[in-house]
Amino acid sequence: VGAMKNLENLKISGHRGLVGTLPPSLFELINLEFLYVNGNSLIGSVSENIGQLTKLMDFRINDNSFNGTIPDAIKLCQELEILDFSHNDLSGTLPSGLFELSTLQYFYMRANSLTGSISEDIGQLTKLNHLWVDENKFNGTIPNSIGLCQDLEKLHLQESGLHGTLPDGLYDLMNLQDLYLDRNDFSGTISERIGDMTGLLDLRLYENRFSGALPSTPGFCEDLEILLIENTNITGTLPQEVCALTAKNLFSIEYAALRADCYSGDVNVAPFIECDCCDTCCDHVTHECHNMIT
C-alpha cells in the first residue's frame with residue numbers, strides 16, 4: 001500500500017474478517033487526508049509514525065481491537081478535524097500532544113481503558129464540537145478550562161471514573177446541547193448557572209453524589225427534552241419552572257424524559273424528591289423505578 005504515494009482517501013471499513021496490524025507502509029502515504037479502518041478486527045498499536053501523515057484531516061480506527069497507548073506524535077497531524085478511536089482496548093493517558101490539535105472538531109475516545117486525568121489543556125481545543133470520552137477509567141475532575149470550548153455541543157463524560165464538583169467553566173458552554181455526566185462520582189450542588197446553558201436538550205446527572213436542591217434555573221433551558229437526576233442525593237421539591245417544561249418538551253418523546261427519586265417503597269420513608277410532574281419516579285434505596293403516567 002505504501003507505493004500509492006498520491007493516495008488521499010483510504011477507506012476500509014466494516015470488514016470483520018479483516019485482521020492483523022496496521023502495516024508500516026501505511027504511514028508512508030504522506031498525502032492521505034482521510035483514513036478509515038474502522039469496524040474491522042484489527043489489533044496492535046497505533047505507531048508513532050502516524051505523525052508522518054501531516055495532511056490527515058479525518059482518522060477513524062473505531063470498533064477494532066487496537067491496544068497500547070495513543071502516540072504523542074499525533075500532535076504533528078495539525079490538519080485533523082475528526083479523530084475517532086472509540087471501542088478499542090487502548091490504555092494509558094491522553095498524551096499532551098492531543099491538546100495541540102487546534103483544528104480538532106470531533107473527538108471520540110469512548111469505550112477504551114484510558115486512565116489519568118483530563119488535562120486543563122483541553123481548553124486549547126477551541127473548535128471542539130463533540131467530545132465523547134465516556135466509558136473509560138479516568139480519575140480527577142472536569143477541568144475548568146472546558147469552558148473555553150465555546151463551540152461544544154455534545155459533551156459525553158458518563159461512566160468515565162471522574163469525581164469532584166462541577167467547575168464553574170462548565171456553565172460557560174452556552175451552545176451545549178447534550179451533557180452526559182451520569183454514572184460517575186460527582187458531588188456538590190448543581191449551580192444556578194445551569195440555566196445559562198440555554199441550548200441544553202439532554203441533561204443526564206443520574207447515579208452520582210450530587211446533593212442539595214435542584215435550582216429553578218433549568219427552566220430557562222426552554223428546549224430541554226430529557227432530565228435524569230435519579231440515584232443522586234438531590235432533595236427537596238422539583239421546581240415548578242422545571243415542571244413547566246413538561247408541557248412543552250419533557251413528555252414529547254417516548255423515552256422516560258423526567259426521572260427523579262420521587263418514589264419510596266417504604267410507607268415510613270418519604271421520597272428524596274417531591275415531584276408532581278415526573279414521568280418516572282425511582283426509589284433512592286432500591287433504585288426501583290415506576291412509570292407515573294397513567
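The values are calculated or read from the model by the stated rules, or taken from the named source; none is laboratory data. Quantities reported herein were computed from a predicted structural model and do not represent experimental measurements. Neighbour counts run over all protein chains shown; Cβ positions are idealised from the backbone, glycine included. Surface accessibility is based on the protein's heavy atoms, side chains included, excluding ligands, DNA and RNA. Shrake-Rupley method; radii C 1.70, N 1.55, O 1.52, S 1.80 Å.
Annotations for the structure displayed:
- Area of Ser145 that stays accessible when all protein chains are in place (1.4 Å probe, Å², to 10): 20 Å²
- Each principal axis of the Cα cloud of the range 160-294 was evaluated for its coordinate range; sorted largest first, these ranges are 42, 33, 23 Å.
- The range 1-93 shape via C-alpha gyration tensor axes, a/c threshold 1.5: oblate
- Sorted largest first by accessible area at a 1.4 angstrom probe radius, with every protein chain in place, the residues Phe99, Phe272 fall in the order Phe272, Phe99.
- Backbone amide hydrogens, once placed in the peptide plane, bring Thr103 within less than 5 Å of nothing, excluding anything fewer than 5 places away on its chain.
- Note on the chain: antiparallel DSSP beta bridges, both residues inside, total approximately 5 percent of the bridges counted.
- Taking a ≥ b ≥ c as the square roots of the eigenvalues of the Cα gyration tensor, the range 138-179 is oblate, since a/c reaches 1.5 or more and a/b is not larger than b/c.
- Rolling a 1.4 angstrom probe over the protein heavy atoms with all chains in place gives the chain an accessible area of 43 Å² per residue.
- For the chain, averaging the sequence separation of C-alpha pairs within contact (under 8 Å, six or more residues apart) and dividing by the residue count gives a relative contact order of 8 percent.
- Here the chain exposes an accessible surface that is 49 percent carbon and sulfur, computed with a 1.4 Å probe and the other protein chains kept in place.
- Cysteines (scope the chain) whose Cβ has no counterpart Cys Cβ under 4.7 Å: Cys77, Cys149, Cys221
- 10 Å Cβ shell holding at most 11 others, DSSP loop, trypsin sites (Lys or Arg not before Pro): longest site-free stretch of the chain: 17-294
- Sequence of Tyr206, Tyr263 from largest to smallest accessible area, 1.4 Å probe: Tyr263, Tyr206
- Neighbours of Thr103 by Cβ distance under 13 Å: Lys/Arg scored +1, Asp/Glu scored -1, total -3.
- 16 Å Cα-Cα reach of Lys127 towards lysines, excluding residues that sit fewer than 8 places from it in its own chain: Lys75, Lys154
- Taking Lys and Arg as +1 and Asp and Glu as -1, the other residues whose beta-carbon sits under 14 Å from that of Ser145 total -4.
- MRE, 222 nm, helices only [DSSP H, n ≥ 4, -39500 (n - 2.57), over the chain, to nearest 500]: 0 deg cm²/dmol
- The solvent-accessible area of Glu8, taken with every protein chain present and a 1.4 Å probe, is close to 90 Å².
- Gap separating the Cα centres of the range 59-88 and the range 187-208, nearest whole Å: 30 Å
- Per residue, the Cα convex hull of the chain amounts to 130 Å³.
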